[in-house]
1. Can you name every residue in segment 66-108 that is more than 29 Å from Asp126 (Cα to Cα) and β-branched (Val, Ile, Thr)?
2. From Asp70, Asp133, Asp126, Asp108, which residue is of a type in the set (Asp, Glu), in contact (Cβ under 8 Å) with a residue 24 or more places away in the chain and either in contact with an Asp or Glu (Cβ under 6 Å, 6 or more places away or on another chain) or more than 29 Å from Tyr212 (Cβ to Cβ) (or both)?
3. Within the bounds of segment 202-223, is there any residue that is within 17 Å of the chain's Cα centre (by Cα), within 21 Å of Ala78 (Cβ to Cβ) and among the basic types (Lys, Arg)?
4. Could we say that Asn186 is under 30 Å from Arg219 (Cα atoms), exposed (fewer than 11 other Cβ atoms within 10 Å of the Cβ), at pLDDT below 90 and not basic (Lys, Arg) here?
5. Return the residues of segment 201-242 that are aromatic (Phe, Trp, Tyr) and closer than 26 Å to Ile39 by Cβ; say none if nothing qualifies.
6. If you take the residues of segment 76-133 that are part of a strand (DSSP E or B) and β-branched (Val, Ile, Thr), which of them is farthest from the chain's Cα centre (by Cα)?
7. So, Phe64, is that one touching an Asp or Glu at 6+ places or on another chain (Cβ under 8 Å), within 28 Å of Ser107 (Cβ to Cβ) and either at pLDDT 70 or above or part of a helix (DSSP H, G or I) (or both) or not?
8. Among the listed residues Val181, Val220, identify the single one that is at pLDDT 95 or above and either surrounded by fewer than 16 Cβ atoms within 10 Å (Cβ to Cβ) or of a type in the set (Asp, Glu) (or both).
Amino acid sequence: MRKFRSLTSRGLLAAALVLPVVVQADDYRWEAGGSYDRINVDGIEGVVSDFNLDNWGLYGTWYFNDVNTDQLPLQEAAYLGRVGSVSLTPSRFDSSVGHLDQWRLSSDFYWPNSWVYLGAGVTRSDTIEPNVDANGNFFVSRGHASAWDATVGITPFAGLRVSTSFYEDADYEPNVDVKYVGRLGNDHFYGFGLNLIDPDGGDLTYQASADYFIDRTLRVGGQLGEHHWGLSADKFFMEKLSVGLGYTDFDGGDAVTLRAGWRF
């Protein structure tokens, strides 16, 4: 009997040591991945034929705290946990005039024990400008441009964020971005988003999106704007590896997007 109690005690001690590891096994602090967009542009009959463009992107994200994924949809675990981060996103756009590179550094922050949400970013992009020399010859000038942006918002209750954004060298145009992720009665989740912009002297523009999480690992969704609509899906394997597929139809063409990411 004493031997049995000794083994039981050892087993309970081992379980106590291992359990925190098991519970936190799906938490993560870093994320990295990439994406590829194949953009098909409709030509103009008698002027230019259909053509394709390619856009490649990478990203790396570090979170200020461990992201807990317990009983949460994996796609939105950081958002629902109000975990801020910093991200670096390089990308390359291939076109008929050569490639254009872009680098973006961005961060978001949830003020502890308050409603306040803050976001900021800086983007450096290659630029091209068509020109004509003194002999009437056409050429393209290449350069660089940098710009910052900032976002201020509130998170009045779990799952909801309402924010507005500001951009360098641009007068503020009233805009609002709304995001909400909620839980259904059957323990599934859903989400929706709405972006509205009221430009000076222009009509109100909008973009709306909706998501449904079939389970913690699988999201399907769609989006609709004035000049485009799209469908997308993301699937997690081993709760660390994610792959995604998207399709967007816009005025003058369409695009297919492939993406993949790894959390650690």
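The values are calculated or read from the model by the stated rules, or taken from the named source; none is laboratory data. Quantities reported herein were computed from a predicted structural model and do not represent experimental measurements. Glycine gets a Cβ as well: all are built from the backbone with ideal geometry, and neighbour counts include every protein chain shown.
1. Val67, Thr69, Val83
2. When all the criteria are applied, what remains is Asp126.
3. Scanning segment 202-223, I find at least one residue that is within 17 Å of the chain's Cα centre (by Cα), within 21 Å of Ala78 (Cβ to Cβ) and among the basic types (Lys, Arg), so the answer is yes.
4. Taking the combined requirement at face value, the residue satisfies it.
5. Once the filter is applied, which keeps residues that are aromatic (Phe, Trp, Tyr) and closer than 26 Å to Ile39 by Cβ, segment 201-242 yields Tyr206, Trp229.
6. For segment 76-133, the residue satisfying everything is Val132.
7. So Phe64 fails the test.
8. Step by step, each of Val181, Val220 is checked, and only Val220 is at pLDDT 95 or above and either surrounded by fewer than 16 Cβ atoms within 10 Å (Cβ to Cβ) or of a type in the set (Asp, Glu) (or both).
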